[in-house]
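A.B. asks: The structure's right below; bear with me while I get my questions together.
The values are calculated or read from the model by the stated rules, or taken from the named source; none is laboratory data. Quick caveat: nothing in here was measured; it's all calculated off a predicted structure. Neighbour counts are summed over all protein chains in view; Cβ atoms, including those assigned to glycine, are modelled from backbone coordinates with ideal geometry.
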Amino acid sequence: MTPQLELRDVPPRAAWTLEQAGVHPLLARLFAARGIRHADELDDGLTRLLPPDTMKGTREAATLLADTIDAGQPIVVVADYDYDCDGATACAVALRGLAMLGARPGTLHHVVPDRAVHGYGLTPPIVDLARVFDPALLVTVDNGIAGHAGIDHAHTLGMKVLVTDHHLPAVNAEGHVDLPAADVIVDPSQPGCAFESKAIAGVGVMFYVLLALRAELRRRGRFDASSQPRLDALLDLVALGTVADVVKLDANNRRLVSQGLRRIRAGRMQPGVAALFAAAGRDPQRAGSTDFGFALGPRLNAAGRLSDMSIGIACLLCDDPAQAAELARTLDAINRERRDVEAGMREQAALLLESLMPAGTPPPAIVLHDEAFHEGVVGIVAGRLKERLHRPTFVFALGGDGLLKGSGRSIPGFHLRDALDRVSKLHPTLLRRFGGHAMAAGCTIAPEDFDAFARALQDIAGAELDEATLQRRLATDGPLELRWFDAATVSLLEAQVWGQAFDAPVFVDEVEVVKQRLIGGDKHLKLSVRHAGQLRDAVWFHHAEPVPERVRLAYRLALDTWQGQSRVQMMVEAAEPL
């Protein structure tokens, strides 16, 4: 679907204020268009992080953890809600952080569920898996807020449970939030939590619990402010999980990511993170948000999708550079396999879409299933189809338990998790389980209920989504002044923290297309364009249709380096005929 290009509004006073405070003129315009009003909002210092005690449950969590550590009792970290990078990094942060804060050797363990055997979230089978370590305390990371049965089972076995999560809790038929009976819950989405960054990732929640634990241990006299463990050493993992989970980069999340990137660029990172940079062919000295989202994150995610997330966690926990490199190469190989599986699923999905769109117009929501689909890749394929068609999309695969496991992605204006909640209330027996966020959610249904679910979701989407919402839009930053069209500007932009809800700049200029040809197996379009009297190179990935001679080109800036020579290149996002 061709997007409608929209120009971001730039409040002139905000841009002027930022520029007067010393912000680069181009960045001042870009930041003002993204809601920044004062330069102090750009301060990424650790002292500007939101206080840990404003997150409900952190003090109680700190006391519970400190008591368990003092008693020398075993702690088991339970990962992972959906076998992804956020859960893997959260598990590594928990284990590394608890060890730094005094947990005795041999008392820290973790379990990584097998989705086919143990399901999703904190289930009774996962509790039984952890039981072999005889834990006094289970600590969930990136899951647990829906683990009612698992938590009850843990209690019957004499275990305490600390839930650290960021997902939305369930709402019962009466409209009340239904929290599990954990000993302590730390989740900014729970009622009564005053923590301002509701978009914090699961790894960020665990990091905040560690900050609270360190403060509790200071109060107990374990160390003082000058001798306390440096938890900022974990920020490379926090930054990676935050960006890879595609959470909104509000001010607090941007600070966490910025601090992590700063340490990576200085060479201060876990051996596993360094190994992932090497396996991906990326330079950590020039690390940026895109490295997390498109290089490191997918390699960790691939392990959870196709193989075993314990490989990814082992890589992040490894302190031996040689062993970490071997694990990273294994993750890289799994990621290549994931790409092949995804490509096959996308081809099959394209065939299924033909039957859904006989007239070429997609329905208000896309729901697909094929017996050949792989459960671990349905979310990625749903995301690709959502981008292509600009419709809420669910893709299902058959799980090992005989049920259909679906992963969905949504568009602005349609809260996917709330839509599933409405489906469950309208059709109480349809959803076996569900959860998620506004833009991404998952559910489990019986194979015989697939058609009923598809109709229910499409009915809700049809009632909520109007023509304006169904029109894909691309927010742009207008023309790029010629003085900024250089390698220095590319480096300047790459050094910033961009991501969800704080998008990287997309510029728009009128150009004349001089030449165009297909490259990369006829999958991508290579362009030579005349821009303000200068010939520029441009590439449009995953686009094979020719463009008119004169267009308004929406593009990002990038450096194309070949044989030691670098030149600025336009990375095309859209083209609008003049």
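A.B. asks: Inside segment 283-296, can you point out the residues that are surrounded by fewer than 24 Cβ atoms within 10 Å (Cβ to Cβ) and either in contact with a Ser or Thr (Cβ under 9 Å, 6 or more places away or on another chain) or outside the structural domain of GLU326 (by TED's automatic domain parsing) (or both)?
C.D. replies: ARG286
A.B. asks: Which of the residues that make up segment 449-465 are touching a Leu at 6+ places or on another chain (Cβ under 8 Å) and either acidic (Asp, Glu) or modelled with pLDDT under 95 (or both)?
C.D. replies: ASP449, the sole residue that qualifies.
A.B. asks: Here's something else I'd like to know. Sort out which residues of segment 394-416 are part of a loop (DSSP other than H, G, I, E, B) and in contact (Cβ under 8 Å) with a residue 24 or more places away in the chain, and write them in order of number. Talk me through it step by step, then tell me what you get.
C.D. replies: Taking segment 394-416 first, the residues part of a loop (DSSP other than H, G, I, E, B) are 399-403, 410-415.
Result: GLY399, GLY400, ASP401, GLY402, LEU403, SER410, ILE411, PRO412, GLY413, PHE414.
A.B. asks: Considering only segment 383-398, I want to know if a residue exists there that is under 23 Å from the mean Cα position of the chain (by Cα), farther than 13 Å from ILE460 by Cα and of a type in the set (Gly, Ala, Ser).
C.D. replies: Scanning segment 383-398 turns up at least one residue that is under 23 Å from the mean Cα position of the chain (by Cα), farther than 13 Å from ILE460 by Cα and of a type in the set (Gly, Ala, Ser).
A.B. asks: Which of the following residues is on the phi > 0 side of the Ramachandran plot, in contact (Cβ under 8 Å) with a residue 24 or more places away in the chain and either out of contact with any Asp or Glu (no Cβ under 8 Å at 6 or more places or on another chain) or not charged (D, E, K, R) (or both): GLY22, GLY57, GLY35?
C.D. replies: Details: GLY22 fails: in contact (Cβ under 8 Å) with a residue 24 or more places away in the chain; GLY35 fails: in contact (Cβ under 8 Å) with a residue 24 or more places away in the chain.
Of the residues listed, the single one that is on the phi > 0 side of the Ramachandran plot, in contact (Cβ under 8 Å) with a residue 24 or more places away in the chain and either out of contact with any Asp or Glu (no Cβ under 8 Å at 6 or more places or on another chain) or not charged (D, E, K, R) (or both) is GLY57.
A.B. asks: Would segment 261-279 turn up any residue that is in the same structural domain as TYR208 (by TED's automatic domain parsing), under 19 Å from GLU41 (Cα atoms) and at pLDDT 95 or above? Don't jump to the end; show me each part of the working.
C.D. replies: At the first step, the residues of segment 261-279 found to be in the same structural domain as TYR208 (by TED's automatic domain parsing) are 261-279.
Now narrow it down to the ones that are under 19 Å from GLU41 (Cα atoms): 261-262.
So of that shortlist, the ones also at pLDDT 95 or above come out as 261-262.
Yes, segment 261-279 contains a residue that is in the same structural domain as TYR208 (by TED's automatic domain parsing), under 19 Å from GLU41 (Cα atoms) and at pLDDT 95 or above.
This table checks each residue for (1) part of a helix (DSSP H, G or I); (2) touching a Lys or Arg at 6+ places or on another chain (Cβ under 8 Å).
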position	(1), (2)
ARG346	yes, yes
GLU354	yes, no
ALA359	no, no
PRO363	no, yes
ALA372	no, no
GLY376	yes, yes
GLY383	yes, yes
ARG388	yes, no
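A.B. asks: Suppose the filter is at pLDDT 95 or above, farther than 19 Å from GLU196 by Cα and within 14 Å of the chain's Cα centre (by Cα); does LEU237 pass it? Steps first, please.
C.D. replies: Numbers: at pLDDT 95 or above: yes; farther than 19 Å from GLU196 by Cα: yes; within 14 Å of the chain's Cα centre (by Cα): yes.
Answer is yes for this residue.
A.B. asks: When ALA322 is evaluated against the numbered criteria (1) more than 28 Å from ALA558 (Cβ to Cβ); (2) of a type in the set (A, V, I, L, M); (3) buried (at least 20 other Cβ atoms within 10 Å of the Cβ); (4) at pLDDT 90 or above, which criterion, by number, is the only one it fails?
C.D. replies: (3)
A.B. asks: Follow-up question, since we're still on this one. Output the residues belonging to segment 64-77 that are under 13 Å from LYS160 (Cα atoms) and in contact (Cβ under 8 Å) with a residue 60 or more places away in the chain. Step through it out loud before you land on a result.
C.D. replies: Residues of segment 64-77 under 13 Å from LYS160 (Cα atoms): 64-65, 67-68, 73-77.
Residues satisfying the conditions are LEU64, LEU65, THR68, GLN73, PRO74, ILE75, VAL76, VAL77.
A.B. asks: Out of the residues in segment 53-68 that are crowded, with 24+ Cβ neighbours inside 10 Å and among the hydrophobic types (A, V, I, L, M, F, W, C), which is farthest from GLN228 (Cα to Cα)?
C.D. replies: Kept after step one, since they are crowded, with 24+ Cβ neighbours inside 10 Å, are these residues of segment 53-68: 55, 57-58, 61-62, 65.
Within this subset, residues satisfying the condition of being among the hydrophobic types (A, V, I, L, M, F, W, C) are 55, 61-62, 65.
Details: MET55: 22, ALA61: 19, ALA62: 15, LEU65: 17 Å.
Result: MET55.
A.B. asks: Are there any helices (runs of 4 or more DSSP H) wholly within segment 90-180 with 2 or more residues that are without any contact (Cβ under 8 Å) to a residue 40 or more places away in the chain and crowded, with 23+ Cβ neighbours inside 10 Å, and if so which? Walk me through it before giving the result.
C.D. replies: Numbers: elements: 115-118, 124-130, 148-156.
The helices (runs of 4 or more DSSP H) meeting that bar are 148-156.
A.B. asks: Next question, about the same structure. Against the definition (touching a strand residue (DSSP E or B) at 6+ places or on another chain (Cβ under 9 Å), buried (at least 17 other Cβ atoms within 10 Å of the Cβ) and closer than 29 Å to GLU375 by Cα), how does ILE445 come out, yes or no? Step through it out loud before you land on a result.
C.D. replies: Numbers: touching a strand residue (DSSP E or B) at 6+ places or on another chain (Cβ under 9 Å): yes; buried (at least 17 other Cβ atoms within 10 Å of the Cβ): yes; closer than 29 Å to GLU375 by Cα: yes.
Here the answer is yes, as ILE445 does meet what is asked.
A.B. asks: For the condition buried (at least 16 other Cβ atoms within 10 Å of the Cβ) and closer than 25 Å to VAL23 by Cβ, what is the one hit in LEU480, LEU525? If you could, list the steps in order and put the result at the bottom.
C.D. replies: Values: LEU525 fails: closer than 25 Å to VAL23 by Cβ.
Answer to the selection: LEU480.
A.B. asks: Hey, another quick one. Just checking, which of THR68, THR17 is among the hydroxyl-bearing types (Ser, Thr, Tyr), in the same structural domain as LEU235 (by TED's automatic domain parsing), over 25 Å from the mean Cα position of the chain (by Cα) and over 30 Å from ARG384 (Cα atoms)? Step through it out loud before you land on a result.
C.D. replies: Details: THR17 fails: in the same structural domain as LEU235 (by TED's automatic domain parsing).
The match here is THR68.
A.B. asks: With respect to ALA456, is the statement that it is of a type outside the set (Ser, Thr, Tyr), surrounded by fewer than 23 Cβ atoms within 10 Å (Cβ to Cβ) and closer than 28 Å to HIS176 by Cα true? If you could, list the steps in order and put the result at the bottom.
C.D. replies: Working: of a type outside the set (Ser, Thr, Tyr): yes; surrounded by fewer than 23 Cβ atoms within 10 Å (Cβ to Cβ): yes; closer than 28 Å to HIS176 by Cα: yes.
When the stated conditions are applied, ALA456 passes them.
Yes/no matrix, rows are residues, columns are (1) closer than 29 Å to TYR120 by Cα; (2) over 19 Å from the mean Cα position of the chain (by Cα):
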{"site": "GLY267", "(1), (2)": "no, yes"}
{"site": "LEU276", "(1), (2)": "yes, no"}
{"site": "GLY288", "(1), (2)": "no, no"}
{"site": "ASP291", "(1), (2)": "yes, no"}
{"site": "PHE294", "(1), (2)": "yes, no"}
{"site": "GLY304", "(1), (2)": "yes, no"}
{"site": "ALA322", "(1), (2)": "no, yes"}
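A.B. asks: Scan segment 246-262 and give yes if some residue there is in a loop (DSSP other than H, G, I, E, B) and of a type in the set (Gly, Ala, Ser), otherwise no.
C.D. replies: Going residue by residue through segment 246-262, those that are in a loop (DSSP other than H, G, I, E, B) are 246-250.
Those still in the list that are of a type in the set (Gly, Ala, Ser) too: none.
No, the conditions are met nowhere in segment 246-262.
A.B. asks: For segment 293-328, which positions are among the charged types (D, E, K, R) and under 12 Å from GLY272 (Cβ atoms)?
C.D. replies: Hits for segment 293-328 are ARG299, ASP319, ASP320, GLU326.
A.B. asks: Could you please let me know if LEU235 is buried (at least 21 other Cβ atoms within 10 Å of the Cβ) and either out of contact with any strand residue (DSSP E or B) (no Cβ under 8 Å at 6 or more places or on another chain) or not acidic (Asp, Glu) (or both)?
C.D. replies: yes
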